[in-house]
Amino acid sequence: MSTGRGTLAGRIALVTTAVAVVAVLVAGLVSVGFVRSAGDTDARRTLATLADAAADSATGTGRLGGVALAKQRTRNQLNALKIDFTLLTRTGATSGGPAGGLAVRALTDQERAAVVAGEPLSLTRDVGGTRTLVEARPVANGGVVLAQALSDASVVRGALGRIALALLIGLAVAVLAGVLLARLLARPLKDAAHTAHLLAAGARDVRVPPAGPAEVAAVADSLNVLSAALATSEGRQREFLLSVSHELRTPLTAITGFAESLADGVTTGADVRPVGETVLGEARRLDRLVSDLLDLARLGAQDFRIDLQAVDLTELLGKAADVWRARCEAVGVQAGTDLPRHPVHCVTDPTRVRQIVDGLAENALRVTPAGRPVVLALYETPGAAVLQVRDG
């Protein structure tokens, strides 16, 4: 039944998605930094190589010779690469290239003089608000200056697009994997919840197959243990009720039988007192049994309590025989006793001993055919007293 709360699968999917988004953002930021640094380094290296080549050409050591740099072919090649260039005269003045180009504005007068004096320069500076790479090389009778905007030189922009696409694909895969993982993790829990509802409805033969991670499998094992415990508990309850029915039937039968004999006038005179004592004793036993049941119900005990006291077993079996004699005669079974003529004392619980004797007598009476005896016997051995219920 839904309670308006989010499902575990949904929460796991959200958590995995959030983790994937954070991971993608971190990876993207780190990648951008690395790519930008690597792109700038590559652009710087490329521009420096072109500057060296231009210097060689200007001094006549290259294939094109000193005049080749000013040729339209070289100009077109540099323009294709979006590289601005200019030449420096002996006095440090610029010669060639656009008058307002980056190369013309890139160096100060002192820096131009340093280049003409033979000092190469590699700079990165803002030229008119544009972040620019500058490479200057001295040549015979002057120098050569190459300048390129970082936005034109770096490959970061194209690389960032590819990185973003790769990260988005990775994010989509992570989200899909998170949803599938959430469903796989939640499936055993759904099975466990279904089993719990079946247990609540009274089913006891259901089991949850252990599946999933160890924690989820532990939940399944716990439900299986609970199911087995409930089955055992209910089995004990049924056995308990059967036992109680036997325990209550014996004193009730005795009380009913002796009360009927008194009511019908069958028992009169001197027999009334012993019959009354028997009825009273059985009523007290019945009261003790009812009290035991109340104690078990209130305290949740696992068994009856034991009240030890001094007991005359001869007297106890004699009173039991008086009760069972009437029941035996009602079904045509002979009732007898085999008791010593002297008291046999023992420290025990008379109520529990009587319950045991009554249970054995009940079973004996059930299987004894008419005309055969059921005998309550007691005899002594060294250090022990033995009670018997013998059937015929």
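The values are calculated or read from the model by the stated rules, or taken from the named source; none is laboratory data. What you see is a predicted model; the values in this text were computed from it and never measured. Glycine gets a Cβ as well: all are built from the backbone with ideal geometry, and neighbour counts include every protein chain shown. The accessibility values were calculated without ligands, DNA or RNA, using every heavy atom of the protein model including side chains. Shrake-Rupley method; radii C 1.70, N 1.55, O 1.52, S 1.80 Å.
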Exercise. Show the residue pairs that are 6+ apart or on different chains and have beta-carbon atoms under 6 Å apart, the first residue being within the stretch 159-179 and closer than 19 Å to residue 16 by Cβ, the second being among the polar types (S, T, N, Q) and modelled with pLDDT of 75 or more.
Key: 175/17; 178/16; 178/17
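Does at least one position in the stretch 342-357 carry a residue that is within 60 Å of the chain's Cα centre (by Cα), under 24 Å from residue 242 (Cβ atoms) and open to solvent by 80 Å² or more (accessible area, probe 1.4 Å)?
Step one: of the stretch 342-357, the residues within 60 Å of the chain's Cα centre (by Cα) are 346-357.
Going one step further and asking which of them are under 24 Å from residue 242 (Cβ atoms), we end up with 349-357.
Next cut, open to solvent by 80 Å² or more (accessible area, probe 1.4 Å) only: 356.
Yes, the stretch 342-357 contains a residue that is within 60 Å of the chain's Cα centre (by Cα), under 24 Å from residue 242 (Cβ atoms) and open to solvent by 80 Å² or more (accessible area, probe 1.4 Å).
This table checks each residue for (1) over 14 Å from residue 318 (Cβ atoms); (2) open to solvent by less than 30 Å² (accessible area, probe 1.4 Å).
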| position | (1), (2) |
| --- | --- |
| 337 | no, no |
| 376 | no, yes |
| 383 | yes, no |
| 387 | no, no |
Quiz item: If you scan the stretch 205-230, which residues turn out to be of a type in the set (D, E, K, R) and either more than 11 Å from residue 189 (Cβ to Cβ) or modelled with pLDDT of 75 or more (or both)?
Solution: 205, 207, 221
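Look at residue 111 and say whether it is modelled with pLDDT of 85 or more, part of a helix (DSSP H, G or I) and under 22 Å from residue 44 (Cα atoms). Don't jump to the end; show me each part of the working.
On the way: modelled with pLDDT of 85 or more: yes; part of a helix (DSSP H, G or I): yes; under 22 Å from residue 44 (Cα atoms): yes.
So residue 111 fits the description; yes.
Matching residues to (1) within 18 Å of residue 138 (Cα to Cα); (2) touching a helix residue (DSSP H, G or I) at 6+ places or on another chain (Cβ under 8 Å); (3) modelled with pLDDT under 75:
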position: 16; (1), (2), (3): no, yes, no
position: 22; (1), (2), (3): no, no, no
position: 26; (1), (2), (3): no, no, no
position: 33; (1), (2), (3): no, no, yes
position: 38; (1), (2), (3): no, no, yes
position: 41; (1), (2), (3): no, no, no
position: 49; (1), (2), (3): yes, no, no
position: 52; (1), (2), (3): yes, no, no
position: 57; (1), (2), (3): yes, yes, yes
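Based on this model, can you work out whether residue 276 counts as touching a His at 6+ places or on another chain (Cβ under 9 Å) and either of a type in the set (A, V, I, L, M) or part of a helix (DSSP H, G or I) (or both)? Break it down into steps so the answer makes sense when it comes.
Numbers: touching a His at 6+ places or on another chain (Cβ under 9 Å): no; either of a type in the set (A, V, I, L, M) or part of a helix (DSSP H, G or I) (or both): yes.
It is false that residue 276 is touching a His at 6+ places or on another chain (Cβ under 9 Å) and either of a type in the set (A, V, I, L, M) or part of a helix (DSSP H, G or I) (or both).
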Quiz prompt | Yes/no for residue 202 being out of contact with any Ser or Thr (no Cβ under 8 Å at 6 or more places or on another chain) and closer than 30 Å to residue 322 by Cα | solution = no
Quiz item: So residue 320 fits all but one of (1) more than 60 Å from the chain's Cα centre (by Cα); (2) of a type in the set (Gly, Ala, Ser); (3) surrounded by 18 or more Cβ atoms within 10 Å (Cβ to Cβ); (4) part of a helix (DSSP H, G or I); what number is the exception?
Solution: (1)
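Might you check whether a residue that is among the hydroxyl-bearing types (Ser, Thr, Tyr), free of Cβ contacts under 8 Å to residues at least 12 places away in the same chain, closer than 30 Å to residue 352 by Cα and part of a helix (DSSP H, G or I) occurs anywhere in the stretch 222-241?
yes
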Quiz prompt | Some residue of the stretch 292-309 being surrounded by fewer than 17 Cβ atoms within 10 Å (Cβ to Cβ), more than 16 Å from residue 246 (Cβ to Cβ) and of a type in the set (Val, Ile, Thr) | solution = yes
Self-check item: Unique match (being at pLDDT 90 or above, of a type in the set (Val, Ile, Thr) and on the phi < 0 side of the Ramachandran plot) among 323, 389, 367, 331
Solution: 389
Practice problem: For the stretch 218-266, name all the residues that are surrounded by 12 or more Cβ atoms within 10 Å (Cβ to Cβ), under 43 Å from the mean Cα position of the chain (by Cα) and closer than 19 Å to residue 285 by Cα. | Solution: 240, 243
Quiz item: Among all residue pairs at least 6 apart or on different chains, which show Cβ distances below 6 Å where the first residue, located in the stretch 323-351, is closer than 18 Å to residue 383 by Cα and the second is among the small types (Gly, Ala, Ser) and surrounded by 12 or more Cβ atoms within 10 Å (Cβ to Cβ)?
Solution: 344/385; 346/385
Quiz item: Would it be correct to say that residue 200 is at pLDDT 80 or above and not β-branched (Val, Ile, Thr)?
Solution: no
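Yes or no, residue by residue, for (1) basic (Lys, Arg); (2) in a helix (DSSP H, G or I):
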residue: 329; (1), (2): no, yes
residue: 343; (1), (2): no, no
residue: 346; (1), (2): no, no
residue: 352; (1), (2): yes, yes
residue: 365; (1), (2): no, yes
Practice problem: Output yes when any residue across the stretch 146-165 is open to solvent by 40 Å² or more (accessible area, probe 1.4 Å), in a helix (DSSP H, G or I), within 30 Å of residue 13 (Cβ to Cβ) and at pLDDT 80 or above, and no when none is. | Solution: no
Practice problem: Kindly list, by first and then second residue, each pair from a residue in the stretch 271-286 that is farther than 15 Å from residue 256 by Cβ to a residue that is in a helix (DSSP H, G or I), limited to pairs with Cβ atoms under 8 Å and residues at least 6 apart or on different chains. | Solution: 272/262; 274/322
